[in-house]
Amino acid sequence: MSTPDLRTAGYTPADPATEQALASLAVADLSTLIDHHTDTTSYLLMYDTTATWYDPKPQVRTVAVHRDPRHRTFALDAASHTGIAFAQRWLADRGAPLDAISVAGSSLARPADAATEQVEDKIRAESGRYDLVQVFHEDLDDTCDAWTLVRDRAAAQVPVRVFLQQGDLDERTYTLREGAFPDTATALAWLASRTGPLPPVPEQPPVQRVSAARARSAHRSDGSGTAQSVPPSGVQPPKRGRSL
């Protein structure tokens with residue numbers, strides 16, 4: 001397991017927000033999956049092994065560091081995600097070249113089909129398109145699900161979108177589907193019950209719909225900021241719980 005290389009030796013935090021972000025990283029057990037560095041910036045995509053089924057939470061962490069060589073200070077921003085594509089978009093919004101933070105050819109779990117790749121390409125494509133509302137991650141014996149609830153600024157109708165990721169632990173693959181809802185309450189009600197297929201997105205032909213699944217326990221509403229449902233190979237799970 002690698003230690004996050006923030007390249008901040010000899011620098012001091014520029015503000016209280018940076019100090020707070022550093023403190024949040026200190027309590028996590030992080031393994032760097034992808035990183036990209038320049039003279040003044042660093043971008044890291046990491047896996048948080050403290051995210052287990054005992055305390056389900058988003059497992060992908062991102063960090064963006066901007067160093068000021070003149071004043072020997074640095075600003076750091078960090079976030080959590082339920083999917084790699086959202087993590088990449090977050091890093092790109094802070095200056096990382098998308099080709100430099102690609103996970104193609106890595107040991108991470110891979111998309112199960114072309115429909116998943118299309119949805120991920122859509123997420124990565126446009127800066128500022130999605131406003132995050134809520135995220136959730138669930139790891140049980142028979143399922144490994146995560147979802148991201150957003151408001152789509154580009155949507156002409158049904159602007160609330162659910163990106164539902166379902167992992168296959170045996171195959172080390174996952175599917176990702178997008179559904180459209182008129183409002184947040186309707187989306188959360190569907191996520192809590194799963195009594196029908198995921199409503200298709202109206203502005204494009206629907207990809208394979210998510211089948212109706214077992215009823216879910218009540219949704220969480222803590223809305224922490226966003227992880228891949230299946231763990232990258234080579235990352236050892238913590239001694240307690242089961243790492244995704």
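The values are calculated or read from the model by the stated rules, or taken from the named source; none is laboratory data. In this text, all values refer to a predicted model and were calculated from it rather than measured experimentally. Positions of Cβ are generated from backbone atoms using ideal geometry, with glycine treated the same way; all protein chains shown enter the neighbour counts. For the accessible areas, the whole protein counts, side chains as well, though only heavy atoms, and no ligand, DNA or RNA atoms are used. Shrake-Rupley method; radii C 1.70, N 1.55, O 1.52, S 1.80 Å.
Structural remarks
- Contact order relative to length of the range 41-160, as percent, for alpha carbon pairs under 8 angstrom and 6 or more apart: 21
- Linear extension gain, residue 183 paired with residue 117, 0.36 nm per residue minus alpha-carbon span: 21.2 nm
- Peptides ranked, highest mean first, by Cβ atoms within 10 Å: ranges 62-69, 36-43: 62-69, 36-43
- Accessible surface, the range 14-153, averaged per residue in Å² (probe 1.4 Å): 43
- Fraction in percent of alpha-carbon pairs per bin - 5 Å, the range 1-116: 2, 11, 21, 23, 20, 12, 6, 3, 1, 0
- Listed peptides 148-158, 11-21 appear in the order 148-158, 11-21 once ranked by packing, highest mean of other Cβ atoms within 10 Å at the front.
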